[in-house]
Amino acid sequence: MKKLLLTVLAGSVAWGVLAARAADAFEQNRRLGRGVNVLGYDPLWRSKDQARFQEKHFKLLREAGFDSLRVNLHPFRHFQSDGSLSKHWFETLDWILAGARGAGLNVILDLHEYNAIGNDPEGNKEKFLSFWRQLSTHCQSAPDSVYFELLNEPCRKLTPELWNQWLREALAIVREKNPARTVIIGPAYWNSIDRLGELQLPAEDRNLIVTVHYYKPMEFTHQGARWTPDFADKTGVVWPRNEADRQAIERDFDRAAAWAKSQNRPIFLGEFGAYDKGEMASRARYTSAVARAAEARGWSWAYWQFDSDFVVYDIRQEAWVEPILKALIPAPGGR
């Protein structure tokens, strides 16, 4: 009994030390502010010579009023035969971290291998844990403006029950080298805002931000999107169709806010937006409504996305998509 008591007390002391050293999660969430998803599908990861995203874009994003970048990482293809991530991958990551820091931008390092993991959790579990071992070691001296997001959109065979186990294992690995790092974790079922009740976080770790994604209604946000069979052939859907469309956002966000209050956890809206095939005026209205609803509840957010599709910046034309940018950041100077 005495040994057990000493173990429990030691654990409590350890978590107390961690809590004392860690940044406040709510303040960290406030710092994230207004963000954008970047670099998930940029050829930069293959070769810097092929990159669309350039050094100048860090400053451009900051000057437009963005506070943070959610960097979508696809590292599995960069694992070498010995299980280590390639030197080039880490050099690219360091270039991103340096560029963001130079521009005064916070960075979320988001493991975006949700498809591979969702399709075959057990076959990819060691890669998942190995990634966090390697990234945690590499970034252990990074400033607190660098955040870790354990996994984008846990889904399919990675059930809520399984995900609740995995997140604890990954978090334990992160805490070995990064006891004070702010970590972002969301619910299964694609970080659905409706599935927060199934997310089980370790109560003793208070340096966590909870993330949700929001693309409702899908028939509007994903109209014409070729990867969504139910909506690939749908076009001409406007937003809002009626006042109920606006009220739906408020109800969904109110439910999430109530959950967050009950759990004493901050919320980060990690993805939202409407696909490029929709009417621009409707897309701008929707984007503004979602961003303002998040801000009204004290949430940070990151728009999907800078480049590729849903774009807020046209790299070929070297110009902002003004209706979307103004919807995201309506005030001069970004405030």
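Points worth noting:
- Kirkwood-Stokes translational diffusion coefficient of the chain, alpha-carbon pairs, 20 °C, 1.002 mPa s, µm²/s: 104 µm²/s
- Overall Cα dimensions of the stretch 23-165 - principal axes, largest extent first, Å: 43, 38, 27
- Less than 5 angstrom separates the built amide H of Leu85 from those of Gln80, all sequence-distant by 5 or more or on a different chain.
- Peptides 80-86, 156-162 ranked from most to least packed give 156-162, 80-86, packing being the mean of other C-beta atoms within 10 angstrom over each peptide's residues.
- Amide H to amide H, with H built 1.01 Å from N, Glu149 comes under 5 Å of Leu109, Asp110, Leu111, Ile184, counting only residues 5 or more places away or on other chains.
- Of Tyr114, Ala188, Phe66, farthest towards positive along the dipole that unit charges on Lys, Arg, Asp, Glu beta carbons give the stretch 25-330: Phe66
- Residue (of Gly83, Ala170, Trp320) at the positive-pole extreme of the stretch 25-330, dipole from beta-carbon charges: Trp320
- Shape annotation for the stretch 183-298: C-alpha extents along the principal axes are 48, 28, 19 Å, from largest to smallest.
- Kirkwood estimate for the stretch 79-122, i.e. one over the average of 1/r between Cα atoms, Å: 12.6 Å
- Database remark: amide H of Arg70 closer than 5 angstrom to the amide H of Val36, Asn37, Val38, Ile108 (H placed geometrically; neighbours at sequence offset of 5 or more, or on other chains; Pro and chain starts carry no H).
No value in this document is a laboratory result; all are computed from the given coordinates. The model shown is predicted, which means the values in this text are computed figures rather than measured ones. Because the Cβ atoms are built from the backbone with ideal geometry, glycine has one as well, and the counts that use them run over all protein chains shown.
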